[in-house]
Amino acid sequence: MFHIPKNYFQDRLILLLLTVNTFLVGLNSILILLRLDSSKAESYIIQYRANLGVNAFRSGGATTFISFILFSLLIMLITTVLSMRVYSLHRQFAVIILALAALLLIMALFVSNALLVQR
């Protein structure tokens with residue numbers, strides 16, 4: 001296991017970003033799980049391809065949206081570990097990593113919401 005810097009969990013900005021990221025992962029997970037309907041097996045729109053014309057929308061199952069939840073959790077885990085490792089080298093790098101993770105989680109929230117609205 002790697003060494004966690006002693007001041008990492010005492011830094012207020014780091015704690016704020018970790019809290020925001022955790023909230024976004026939870027919000028994304030809850031919104032996806034509340035909108036999924038197990039009775040509709042293949043009725044979700046999972047892709048939009050603008051170059052296909054009439055067949056622009058591709059349908060799929062709920063497993064695609066479960067993968068959005070796993071993606072959010074994976075992003076949270078990887079960026080937290082990466083920011084812990086980088087914190088001892090340079091604090092601002094760790095802050096930037098967590099801020100970019102928040103941006104990525106917000107985009108995942110918007111994309112999953114836009115796809116779930118289309119059904």
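Taken together, the values in this text are just the output of simple stated rules run on the coordinates, not laboratory data. Everything numeric in this text was worked out from a predicted model, so none of it was measured. Note that we place each Cβ from the backbone using ideal geometry, even for glycine, and neighbour counts take in every protein chain shown.
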Study note, to complete from the structure: Mean-square fluctuation maximum in Gaussian network of the chain, Cα pairs under 10 Å, restricted to Leu18, Leu27, Leu77, hits Leu77
Study note, to complete from the structure: Here the Cα Rg-to-2.2 N^0.38 Å ratio for the chain is 1.30
Check your understanding: GNM on the chain, C-alpha springs below 10 Å: top fluctuator among Ile32, Ile106, Ile78?
Key -> Ile78
Revision key, fill the gap. Two pseudo-spin positions, 7 Å from Cα along C-beta at Ala114 and at Phe93, lie apart in nanometres by 3.3 nm
Study note, to complete from the structure: Comparing Ala62, Ala101, Ala50 in a Gaussian network model of the chain (Cα, 10 Å), the one with the largest mean-square fluctuation is Ala50
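For Leu36 and Val81, calculate 0.36 nm times their separation in residues minus their Cα-Cα distance, and state this gained length in nm to one decimal. Show your work: numbers first, answer last.
On the way: separation 45, 0.36 × 45 = 16.20 nm, distance 3.06 nm.
Additional length available on full extension: 13.1 nm.
If R₀ is 25 angstrom, what is the calculated FRET efficiency for the pair Ser43 and Leu100, using the beta carbon separation as r and rounding to 0.05? Write down the numbers at each step before the final one.
Values: r = 34 Å, r/R0 = 1.37.
Here the calculated transfer efficiency is 0.15.
Given an 8 Å cut-off on Cα distances and at least 6 residues of separation, report the relative contact order of the chain as a percent. Let's see the in-between values first.
Numbers: 123 pairs, mean separation 43.3, N = 119.
So the answer I get is 36 percent.
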Review point. From a point 7 Å beyond the Cα of Asn7 in the direction of its Cβ, which residues of the range 90-104 have a backbone N at a distance under 11 Å?
Key: 90-92
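Tell me, what are the semi-axes, in whole angstrom and largest first, of the equivalent ellipsoid of the range 74-113 as set by the roots of 5 times the Cα gyration tensor eigenvalues? The partial results should precede the final answer.
Numbers: eigenvalues 102, 19, 3 Å².
Equivalent-ellipsoid dimensions as semi-axes: 23, 10, 4 Å.
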Exercise for review: Among Asp37, Asp11, rank each residue by its count of other Cβ atoms within 10 Å, from fewest to most, as a rough exposure measure.
Suggested key: Asp37, Asp11
